[in-house]
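K.L.:
For reference, the structure I am asking about is given below.
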C-alpha cells in the first residue's frame, strides 16, 4: 500500500464508530484507509454476549460482532492498517497521520479512537472480564436478574449503575473507599432511597472470586484492615472512562475531561475537515449503537464537506478572470 497517495478520508480507530464510518465511506467510493490499531474492536473485545444491538436476535459475542463490522467495511473496499497511529498533523491540508515511520495523507480525517473504562488493575478482574465482570450496567444488567451484584465506585457513574442494576438484581452493594461520595447529592439520594442498594464504605475491592464465573469479591476495610468476602454473581466497575485522545492534544479542541468537542448535532470538530465519532466525543451514552450511528454521521459529514469544498473550487475555476 502506497503511503504517498492523498486519500479522501483516513479513519483513526477500529471499533463500532470507526468501522461504520469506513463502511459508509467505502460505499461512497471515498477509498477509506482505516488505521484500526493493534487492539482493534474496542470495549466489545472484552464483552461476552451482546443482546441489545439490532439485527442479532439471538445475541452475539462482542468480538464476533466486531469481526462482522470489519468484514462488511472491507467488502466495500476499506483498507486497514492494524497498528496504532503515533502522530498527526492537522495544521494544514492534506492532513498527515503517522504509523511509526510511515506517513499517510488525506483530505479528511475521522477520529474514532473510543474511550476505555477505568479498571481496578486486579489480575482476577481481567481474568473474569465478560464472565461476571462488567463495566456497563445498561449493556449487561439484564444478565443478572434475581442476583447479587457488587459495584465499585463512588461517583455519579457508580450511583447510576447501582440504581439501574437494582431494577434487575435482588441486592446491589456499592463499595467505596471513603465515607463521603464524589457523586452529586441527587444521585446519592436516589441510590440511598432504593431498598435494594446497600453501601460498603471506607473499603476497597482487593480480589474478584470465582473460577469460570464471578462468585464474589474480597473487600478490605481501609480503617480496620479487616477483609470480608461478599457473595456476588456479578461485579461492575464504575470508576469512570478515559477518552483515547492523547494523540490529538494541542491539535483539536477538547473538554476538561479530554473528550473531543463537536459542533451541535454534527461530528465536525473545530478543524475543518476533521470529524470525531463514537465514545471519543460521547461521554453520555457510550453504547455500540450510538457509536455506530455517529460513525455513519461522520462519513456523511466528511463526504458532504468534500463535495462542498470541490464545488467551491469548481466555481472558482469557472469564474471569469479579471485584470
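All of the numbers you see were taken from the coordinates with simple rules; none came from a lab. Since the structure is predicted, the reported quantities are computational estimates derived from the model, not experimental observations. So basically every Cβ, Gly included, is an ideal-geometry build from the backbone, and we count neighbours across all protein chains shown.
K.L.:
With a ≥ b ≥ c the root eigenvalues of the C-alpha gyration tensor of region 13-122, is it rounded (a/c under 1.5), prolate (a/b larger than b/c) or oblate?
P.N.:
Working: a/c = 2.53, a/b = 1.42, b/c = 1.78.
The shape class here is oblate.
K.L.:
Then there is this: Which of 35, 260, 186 ends up with the largest GNM mean-square fluctuation for the chain, with Cα atoms connected below 10 Å?
P.N.:
Per the Cα network of the chain with a 10 Å cutoff, 186 tops the list.
K.L.:
Let me ask something else about it. So how tilted is helix 288-318 from the main axis of the chain? Cα-based, degrees 0 to 90, rounded to 10.
P.N.:
With rounding to tens, the tilt is 20 degrees.
K.L.:
Using a cut-off of under 15 Å, list every residue of region 222-248 whose amide N is near the label point 7 Å from the Cα of residue 202 along the Cα-to-beta-carbon line.
P.N.:
222-228
K.L.:
Can you give the relative contact order of region 119-237 as a percent, counting alpha carbon pairs under 8 Å and 6+ residues apart?
P.N.:
That works out to 31 percent.
K.L.:
How much length is gained if the chain between residue 190 and residue 285 is pulled fully straight, taking 0.36 nm per residue apart and subtracting their Cα-Cα distance, in nm to one decimal?
P.N.:
32.2 nm
K.L.:
Right, next: Using Cα pairs under 8 angstrom and six or more residues apart, how large is the relative contact order of the chain, in percent?
P.N.:
20
K.L.:
Under 1.5 on a/c is rounded, so check that first for region 119-237, then, if it is not, pick prolate when a/b is larger than b/c and oblate when it is not; a ≥ b ≥ c are the square roots of the alpha carbon gyration tensor eigenvalues.
P.N.:
Numbers: a/c = 1.66, a/b = 1.10, b/c = 1.50.
Oblate, since a/c reaches 1.5 and b/c is not below a/b.
K.L.:
Note the angle between two axes, namely the Cα long axis of helix 62-75 and the longest principal axis of the Cα atoms of the chain, as a number of degrees from 0 to 90, rounded to the nearest 10.
P.N.:
Helix 62-75 and the main axis of the chain meet at about 10 degrees.
K.L.:
Taking the Cα centre of each part, how many Å lie between region 250-299 and region 90-145?
P.N.:
14
K.L.:
Select one label from [x] 117; [y] 162; [z] 181: the one whose number is volume of the Cα convex hull per residue in Å³ as derived from the coordinates shown.
P.N.:
[y]
K.L.:
How high is the FRET efficiency from residue 123 to residue 92, r the C-beta distance, R0 41 Å, rounded to 0.05?
P.N.:
Once rounded, the FRET efficiency stands at 0.35.
K.L.:
Right, next: Determine, for 110, 289, the number of other Cβ atoms within 10 Å of each Cβ, and report the residues in order from fewest to most.
P.N.:
With the fewest neighbours first, 110, 289 line up as 289, 110.
K.L.:
Here's a follow-up. Enter the Cα centre distance for the pair region 8-84 and region 174-195, rounded to the nearest angstrom.
P.N.:
With region 8-84 and region 174-195 each reduced to a Cα centre, they are spaced 37 Å.
K.L.:
Separate question: What residue among 242, 282, 256 shows peak mean-square fluctuation when the chain is described by a Gaussian network model with Cα springs under 10 Å?
P.N.:
Of 242, 282, 256, the most mobile in the Gaussian network model is 256.
K.L.:
Output the 0 to 90 degree angle, nearest 10, between the alpha-carbon long axis of helix 156-165 and the longest principal axis computed from the alpha carbons of the chain.
P.N.:
With rounding to tens, the tilt is 70 degrees.
K.L.:
A follow-up question, please. Stretched out fully, how many nm does the piece from residue 255 to residue 145 gain, at 0.36 nm a residue minus the Cα gap? Can you show the working numbers first?
P.N.:
Working: separation 110, 0.36 × 110 = 39.60 nm, distance 3.70 nm.
Once the chain is fully extended between residue 255 and residue 145, it gains 35.9 nm.
K.L.:
A further question on this structure: What list do you get for 241, 198 if you sort them by fewest beta carbons within 10 Å? Kindly include the intermediate steps, with their values, before the conclusion.
P.N.:
Values: 241 21, 198 16.
Taking fewest neighbouring Cβ atoms as first place, the list is 198, 241.
K.L.:
When the chain is modelled as a GNM with alpha-carbon springs shorter than 10 Å, which of 290, 20, 267 fluctuates the most?
P.N.:
290
K.L.:
When 107, 74 are ordered from fewest to most other Cβ atoms inside 10 Å of their Cβ, what list results? Intermediate results must be reported in sequence, preceding the final value.
P.N.:
Details: 107 19, 74 16.
Going from least to most buried by this count: 74, 107.
K.L.:
Between residue 101 and residue 52, what length comes free when the chain is fully extended (0.36 nm per residue of separation minus the Cα-Cα distance, one decimal in nm)?
P.N.:
Numbers: separation 49, 0.36 × 49 = 17.64 nm, distance 4.05 nm.
The residue 101-residue 52 span can extend by a further 13.6 nm.
K.L.:
May I pose another question? Take residue 227, project a point 7 Å from its Cα along the Cβ direction, then tell me which residues of region 146-168 have their backbone nitrogen under 14 Å from it.
P.N.:
Answer for this model: none.
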